[in-house]
């Protein structure tokens, strides 16, 4: 029996167990930086599987490793622990037991599939040409993100990976398929906060108050024109504001207006330039107007850059494992992902796993998000195949 057939057989053998693990995690979600029960569950499974590990990175993060009996390089595989502050609307037997918290981004599936991949690769340990590092990472959903914190905590220092892979559920793609994009795949993301301050007062007495709401509108237009302007050669960019809070009334102009938004792009140099431009615009506005203006840029995740050579190899390998028709090309996305932090320190490949039931799409980050659980077999099989095969390629 060849490697492909062995992995498929093992994926089928462990499928029911991995489904139950995914459902247990789904029922018991925890928010970013508070994944204590989830971490304890992973630790329990690692002891049961007889896998070496070290815990306590960024509080709840765990690193586990499996050394093959053949010499070789190190490949890291990552899954996330945290859920989102969303109340689940699905009527399923494994519905979240915690009000206002839900695995609406598929991290429960990622975690379960990583455990399944671990079981598969342990069965193949005798022929495994190198070491597999399993990265159980907290807080993907909340800046600064668990990837950055785990690296700062030294999680990858003792056993340094030569490359890192991760898969993410993708409800726009049918179960059984995977998707790849080499190079820049997901955008950077920064949080933008602006405060306008002036003299509030009665709307009917303009000589005794400032036009803080109008000033906020003028400043937003200035920023939009300068930053969002689609000039030739400029990287794809989004500056969008989703919140304006001015606690006035029809006849009351507030003394303070707070604005919150996001800035996203695909080029780190332009990102830095855009930050400087925004600071300059707000500073000049503050100087020239009688109304005060302050800007705070909370730096988020960088651009996610898939290593081109590794991604092309992964595409070729997935085609061999799943068939050509089940491997698709993806477009760039303006969404962001904290896995991007790994991509600026290590060669990486972050790919998508189809989870849609035919004819039905459950969008990420919504109260009715769910997956076709048949994707779990595809996910742990493909990830095991990639890990083993890429270690062979790197020998």
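The table below gives the values:
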read-out: Full-stretch length increase - residue 43, residue 202 - with 0.36 nm per residue and alpha-carbon distance subtracted; value: 51.1 nm
read-out: Estimated FRET transfer efficiency (residue 9, residue 172; beta-carbon r; R0 35 Å; 0.05); value: 0.70
read-out: Size of the chain as Cα extents on the principal axes (Å, biggest first); value: 85, 46, 42
read-out: Relative contact order for the stretch 190-299, counting Cα pairs under 8 Å that sit 6 or more residues apart, in percent; value: 41 percent
read-out: Distance from the stretch 215-249 to the stretch 70-126 (C-alpha centre basis), Å; value: 37 Å
read-out: Simple label model, 7 Å out from Cα along Cβ direction - residue 217 to residue 394, nm; value: 5.6 nm
read-out: Distance in nm between pseudo-label sites at residue 240 and residue 316 (7 Å out along the Cβ direction from Cα); value: 3.8 nm
read-out: Tilt relative to the chain, helix 107-123 - C-alpha long axis, 0 to 90 degrees, to 10; value: 20 degrees
read-out: Length added when fully stretched, residue 247-residue 308, from 0.36 nm per residue minus Cα-Cα; value: 17.0 nm
read-out: Percentage relative contact order, the chain, counting C-alpha pairs under 8 Å, at least six apart; value: 24 percent
read-out: Rounded to 10°, Cα long-axis angle of helix 375-394 versus longest principal axis of the chain; value: 80 degrees
read-out: Principal-axis tilt of helix 268-288 within the chain, Cα atoms, nearest 10 degrees; value: 20 degrees
read-out: Helix-only [θ]222 nm of the chain, DSSP H runs n ≥ 4, -39500 (n - 2.57) each, per residue, nearest 500; value: -11500 deg cm²/dmol
read-out: Packing-based ranking, highest mean first, of 249-258, 139-148 given that Cβ atoms within 10 Å are counted; value: 139-148, 249-258
read-out: For the stretch 187-210 and the stretch 15-33, distance of Cα centres in Å; value: 45 Å
read-out: Part-to-part distance (alpha-carbon centres) for the stretch 38-60 and the stretch 339-392, which is given in Å; value: 22 Å
read-out: Nearest-0.05 FRET efficiency for residue 324 and residue 272, computed from C-beta distance (R0 51 Å); value: 0.80
read-out: Label zone at residue 363 (point 7 Å along Cα-to-Cβ), backbone N below 18 Å, the stretch 93-111; value: 102-106
read-out: Mean separation of Cα contacts under 8 Å (6+ apart) over length of the stretch 1-72, as relative contact order %; value: 19 percent
read-out: Cα-derived Rg to Rh of the stretch 33-136, Kirkwood definition; value: 1.04
read-out: Modelled label reach - residue 260, point 7 Å along Cα→Cβ, the stretch 42-85 residues with backbone N closer than 14 Å; value: 85
read-out: Label-point gap, in nm, between residue 53 and residue 122 - each point 7 angstrom along Cα→Cβ; value: 1.0 nm
read-out: Alpha carbon convex hull of the stretch 190-299, volume per residue in cubic angstrom; value: 91 Å³
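All of the numbers you see were taken from the coordinates with simple rules; none came from a lab. Because the structure is a prediction, the values reported are computed rather than measured. We place every Cβ from the backbone using ideal geometry, glycine too, and count neighbours over all the protein chains shown.
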